[in-house]
Amino acid sequence: MTQVSIIHNPRCSKSRQTLALLEENNCEITTIEYLKNPLSVTEIKDILAKLAIDARQLMRTKETEYKELGLANVTDEQALISAMASTPKLIERPIVLANGKAAIGRPPENVLSII
């Protein structure tokens, strides 16, 4: 049985669909509700490294908070990571971690490649 962690928002349909897909594939799942338990800067950096993307690619750029914080003009990677740590709503979801890898569940089937 594959052990996975899902960075999850139960109010998000894609996140719920990804969780269901993991359950269908008999994964042992640890659910991290990142809006209740925000990720640290270190955890975000680790996820970015596993995804091999930059910080902006992990951000929900259409969120009101993204515009309010003026992040569109920010080029400093550390500042973007700090913004995600302090405002978890900015983090794209769901993210699945398994076997030392990560995948964003958009679409949910993306996560099948790492389990």
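Where a number appears in this text, it was derived from the coordinates with a stated rule and is not lab data. What you see is a predicted model; the values in this text were computed from it and never measured. Please note: Cβ atoms are built from the backbone with ideal geometry, for glycine as well, and neighbour counts cover all protein chains shown.
From Cα pairs below 8 angstrom and at least 6 apart in sequence, can you work out the relative contact order of region 39-91, rounded to a whole percent? It would help to have the intermediate numbers written out before the result.
Details: 41 pairs, mean separation 24.7, N = 53.
Dividing the mean separation by the residue count of region 39-91 yields 47 percent.
Sorting Glu28, Glu63 from the fewest to the most surrounding beta carbons within 10 angstrom yields Glu28, Glu63. Counting only alpha carbon atoms, the long axis of helix 41-51 and the longest principal axis of the chain meet at about 60°. Panel order for Val41, Val111, Val4, by other beta carbons found within 10 Å of each beta carbon, from fewest to most: Val41, Val4, Val111. Between helix 13-24 and the chain there is an angle of about 30 degrees, using the helix long axis and the longest principal axis of the Cα atoms. Here the chain is assigned +1 on the Cβ of each Lys and Arg and -1 on the Cβ of each Asp and Glu. Its dipole about the Cα centre then comes out at about 240 debye. Counting Lys and Arg as +1 and Asp and Glu as -1 over every other residue whose Cβ lies under 12 Å from the Cβ of Ile104, the net charge comes to +4.
With all pairs of different C-alpha atoms in the average, the Kirkwood value for the hydrodynamic radius of the chain is 14.2 Å.
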